[in-house]
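The values are calculated or read from the model by the stated rules, or taken from the named source; none is laboratory data. Please read these numbers as outputs of a predicted model, since none were measured by experiment. Here the Cβ positions follow ideal geometry from the backbone for every residue, glycine too, while neighbour counts run over all protein chains shown.
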Amino acid sequence: MSQNPNQPPQANPGAYPGGYAPPPGGFAPMPGGPGQAYPPPTGPPPPGAQPGYAPQYVGAYPQAYPGYPPPMPGYAPPAGYPAGYPPPAGYPYPPPAGYPPPAGYPAQQPYPAYPPPAGAPPVAGAPGESAPAGPMAEPPTVVYRDIPIHNPKYAGGLMVYGYNRPDIQRDIDEIVKHAGNDKKLIEVLTRLGPLKMEVVAHEFPAHNSKGETLHHLVERKTTRYVEMGLLGLVLGPLKYDAERVHDAIQGIGTKEGILNEIILDLSPQDAALLDYVYQQKYKTPLAKAVLADLSGNIMKLFKKALEPTREMLPLPNATSEELGKLLAEDVKALYKGGAGRVGTSEDLFYKILTGRRHEHLVQICRSYHEQHKKPLSQVLHSEFSGHDEKALLFIVSGAEPNLRYPDLDPQAVRDANLLEETMAGLGTNDGMLVMRVLRAHWSRPRMDRISGAYMRIHEKTLARRVQGETSGAFENLLIAMIKGPAY
């Protein structure tokens, strides 16, 4: 099977996802050494595990924290977004199973064997404790893209509401039992979802005599793209993206397609989370590492996309009048900075395309086409080239309605077409295929919308297309991720 330069490299044997150090401050020092956040699980220490990323499992789920409302998974607009840009039909999606109960829901009691570490914030719902107050309080879970994950900054331990010790033991037993049987192992790991997976991965070394990590077990028992996909599942969406970015800028040349897909649709909050875990593992700021591998104008685009404090317009409380004014200004500016002048104002395109909320970008694309009788994507083809063109087209293709399928979500259309690209022509780019399916799998609403868009555009199911291009355990893995629940 052929591959292109954008293909992610094979996972390094022996790599362990525990290379993410804890944040400075806020964590209780561990007896016997500084910098370690939590007591390790009972049993021998995991081989190759680095100190500092050993969060403790706690069986209670805290009540909701002020300022952290449950997100709407999928492609729905953020909570509080102004009227005027309605979400696509079918939204909002309900929160996934295993996501924290709403405030006021009776919290499960913690297990006595898993007390919160000394010095950590009290866990809401635990006897005699209440949720931490104040702007510095960290919630136990956060949303990365549209996926609920454990907050890497939270000092109170890993917790999944309703996921008890017997459930954890059952899942670990099944993993151990089916190690060596790719099909069965795939079934177990693809059904866990990122919240449960991190708990299982943390507890796994305590359930075997050698203290083997789940990461190492997968490396021993699987190969090639099955290994790549299952190791990605074990890492979870945030750490997986950090590793893919790091791999994309290593060695000779830059895997531009991977950088585009992972970085250019980050919200400021997502960029901050990705930078945090990237610094934990690779000891350098994400922006510094990425920009050092780029040159020319494209550096400016990625610098803006990776800025965690950038302002996103329109503001959530914008009035209809303010929305209309900003829309008119943006469309006018993009025309004058591109097709309406000799030369191109690259900085203006970068500023608008990285500084506007997704729903507003959709309106920009629609309005630009109506006013100038030309899609904004066509303007980008004319005004830009090379990595600049591909990067900006990735952003705009996720907002520009498809002329043949205007009712479909543009992001779903873009992602469906990217999946088709990995399978079109001679050979299949297996590395990019597993990366794209895996990243969509973590959000069931997103995967469902991509699958629906693929069916409309290509007149066959995504699963059937994948089955025609793959075989064996790799086919089983991809089909399980396409069809199965992520949480």
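The table below lists the values:
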read-out: Residue ID - nearest to residue 288 (Cα to Cα), chosen from residues in the stretch 306-336 that are acidic (Asp, Glu) and in a helix (DSSP H, G or I); value: 330
read-out: Residues that are in contact with a His (Cβ under 8 Å, 6 or more places away or on another chain), buried (at least 20 other Cβ atoms within 10 Å of the Cβ) and among the small types (Gly, Ala, Ser), drawn from the stretch 307-361; value: none
read-out: Enumeration of residues in the stretch 390-433 that are crowded, with 18+ Cβ neighbours inside 10 Å, part of a loop (DSSP other than H, G, I, E, B) and not small (Gly, Ala, Ser); value: 400, 402, 408, 409, 428, 429
read-out: Residue that is surrounded by the most Cβ atoms within 10 Å (Cβ to Cβ), among those in the stretch 470-487 that are of a type in the set (S, T, N, Q) and either more than 14 Å from residue 228 (Cα to Cα) or at pLDDT below 95 (or both); value: 470
read-out: Cβ-Cβ under 8 Å pairs, at least 6 apart or on other chains, the stretch 228-250 side among the basic types (Lys, Arg), far side assigned to a helix (DSSP H, G or I); value: 239/17; 239/277; 239/281; 244/258; 244/262; 244/435
read-out: Residues of the stretch 458-474 classified as within 25 Å of the chain's Cα centre (by Cα) and within 21 Å of residue 411 (Cβ to Cβ), total; value: 5
read-out: Residues of the stretch 210-219 satisfying the condition of being in contact with a Gly (Cβ under 9 Å, 6 or more places away or on another chain) and charged (D, E, K, R); value: 219
read-out: Matching residues, the stretch 209-246, being more than 16 Å from the chain's Cα centre (by Cα), assigned to a helix (DSSP H, G or I) and of a type in the set (D, E, K, R); value: 219, 220, 221, 224, 227
read-out: Matching entry among 201, 206 (being over 27 Å from residue 311 (Cα atoms), at pLDDT below 95 and part of a helix (DSSP H, G or I)); value: 206
read-out: Filter result for residue 481 (over 15 Å from residue 257 (Cβ atoms) and in contact (Cβ under 8 Å) with a residue 60 or more places away in the chain); value: yes
read-out: Within the stretch 438-463, tally of residues that are of a type in the set (Val, Ile, Thr), surrounded by fewer than 23 Cβ atoms within 10 Å (Cβ to Cβ) and either under 20 Å from residue 244 (Cβ atoms) or touching a residue at least 24 places away in the same chain (Cβ under 8 Å) (or both); value: 1
read-out: Test: residue 367 is touching a residue at least 24 places away in the same chain (Cβ under 8 Å) and farther than 24 Å from residue 260 by Cα; value: yes
read-out: Pair list, Cβ < 8 Å and 6+ apart or interchain, from the stretch 283-305 residues that are farther than 15 Å from residue 260 by Cβ and in a loop (DSSP other than H, G, I, E, B) to residues that are among the hydroxyl-bearing types (Ser, Thr, Tyr) and modelled with pLDDT of 95 or more; value: 284/278; 285/278
read-out: Residue list for the stretch 183-206, restricted to those being surrounded by fewer than 24 Cβ atoms within 10 Å (Cβ to Cβ), more than 24 Å from residue 144 (Cβ to Cβ) and in contact (Cβ under 8 Å) with a residue 24 or more places away in the chain; value: 183, 187, 206
